[in-house]
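Let me begin by presenting the structure, written as structure tokens, before commenting on it.
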């Protein structure tokens, strides 16, 4: 921190250019917004983004993409929420060395700031995009994204040994139970896993570099402890055994045996342990591991993986983000599935409530944005403000309940908001709607 570097610090942000307080941007349906587009050499030092009562599906429907030095394919391509360690579209307030989620008004899940501190060097150019792949505005009723991207620019080339930051999302739902487990079940014999087959793969990379972090999400659909899966790193020319073989999922992420409550460490932790329906280990679990002091280095290639249960015995929903540095070029990423295949396995009550919210997005939110953010200076009828406040308050409350898993309550609030929207012409017949 005391070292003086010949550089200047800058920030790209969503501050309102006319000096007002609406320091956010709108990201329209199927729109790609460029958040940063600068020449180098330089380094991104911090990224912070905020959304107020966003739609729960925004976390998986929107993507973060990053390109370094005018490359054609992105070095980062991850759903917005997963990039910032939002587990299965459920944000959890936590703090760690590299990523944090800070709570806002309701203190938990729906009003948060998402922060990342991985250094991201670039030589000639850096470009960061938010890609909204949904058919609604990003950000719920407010339809806003607040962001800050801090970076430095240097007056001399970067050292050649600086790799470029990468991040990749993967999912397997459900994970495939290995043939060895099925045979054990048939013959009542123990399982001995002596291969890297049927394992959940978090990263496959080619080139020279090192792993910087992992974020893993497990939706445990069954009952009982879901872990015991060993982490493995097949480095360069490894066959069997791999260069790195762990002793269990809980140890890999810094936990003691069978963690049943969250904990947040500087470099590792279990940020979410749901225990759904008061059943230990059931439901959403999320973990992180930052390789700040102990990066996993490779010279040719790496496959980073973890068993889903001992011997790959569990058929659960696994999703992950791997973060790493490497020299370019990088291997082409696997194609991301469409948004419907990225969504978590929500219960029917979620979709019943969300169906009503979709109608509000298409009519009420679109109307509100067209009217209140028009470039016209024409004075608006007071009835617009009253309806926007009344409907928006109910809509926002419904979004908050969605984030907390109260889908029946959310449906009730969305129904009230929709009823108020439908009654606007009868309530104010002299106003053009």
Exercise for the section: Kindly check whether there is at least one residue in the range 358-370 that is closer than 18 Å to residue 412 by Cβ, more than 29 Å from the chain's Cα centre (by Cα) and part of a helix (DSSP H, G or I). Expected result: no
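Right, residue 360: out of contact with any helix residue (DSSP H, G or I) (no Cβ under 8 Å at 6 or more places or on another chain), touching a residue at least 12 places away in the same chain (Cβ under 8 Å) and either outside the structural domain of residue 75 (by TED's automatic domain parsing) or more than 22 Å from residue 87 (Cβ to Cβ) (or both) or not? Steps first, please.
Working: out of contact with any helix residue (DSSP H, G or I) (no Cβ under 8 Å at 6 or more places or on another chain): no; touching a residue at least 12 places away in the same chain (Cβ under 8 Å): yes; either outside the structural domain of residue 75 (by TED's automatic domain parsing) or more than 22 Å from residue 87 (Cβ to Cβ) (or both): yes.
Criteria not met by residue 360.
Determine if the range 373-391 includes at least one residue that is part of a helix (DSSP H, G or I) and within 28 Å of the chain's Cα centre (by Cα).
Taking the range 373-391 as the starting set, the residues that turn out to be part of a helix (DSSP H, G or I) are 382-391.
The next check asks that each one be within 28 Å of the chain's Cα centre (by Cα); those that pass are none.
No, the range 373-391 contains no residue that is part of a helix (DSSP H, G or I) and within 28 Å of the chain's Cα centre (by Cα).
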Fill in the blank from the handout: Filtering the range 229-244 for residues that are more than 16 Å from residue 288 (Cα to Cα) and surrounded by 13 or more Cβ atoms within 10 Å (Cβ to Cβ) leaves a count of 7
Practice task
Name, by its number, the condition in (1) more than 30 Å from residue 29 (Cβ to Cβ); (2) modelled with pLDDT of 95 or more; (3) surrounded by 21 or more Cβ atoms within 10 Å (Cβ to Cβ) that does not hold for residue 320.
Solution key: (1)
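Filter the range 323-337 for residues that are in contact (Cβ under 8 Å) with a residue 60 or more places away in the chain and either surrounded by fewer than 16 Cβ atoms within 10 Å (Cβ to Cβ) or not in a loop (DSSP other than H, G, I, E, B) (or both) and give the result. Even if it seems obvious, please write down each step before you answer.
Here is the first cut: in the range 323-337, the residues in contact (Cβ under 8 Å) with a residue 60 or more places away in the chain are 323-334, 336-337.
Of everything in the range 323-337, those that are in contact (Cβ under 8 Å) with a residue 60 or more places away in the chain and either surrounded by fewer than 16 Cβ atoms within 10 Å (Cβ to Cβ) or not in a loop (DSSP other than H, G, I, E, B) (or both) turn out to be 323, 324, 325, 326, 327, 328, 329, 331, 332, 334, 337.
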Practice task
Please verify whether the range 254-275 includes one or more residues that are surrounded by fewer than 19 Cβ atoms within 10 Å (Cβ to Cβ), over 24 Å from residue 212 (Cα atoms) and modelled with pLDDT under 90.
Solution key: yes
Practice task
List the number of the failed condition for residue 289; all other conditions in (1) assigned to a loop (DSSP other than H, G, I, E, B); (2) farther than 21 Å from residue 176 by Cα; (3) touching a residue at least 12 places away in the same chain (Cβ under 8 Å) hold.
Solution key: (1)
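The values are calculated or read from the model by the stated rules, or taken from the named source; none is laboratory data. As the structure is a prediction and not an experimental result, all values here were calculated from the model. So basically every Cβ, Gly included, is an ideal-geometry build from the backbone, and we count neighbours across all protein chains shown.
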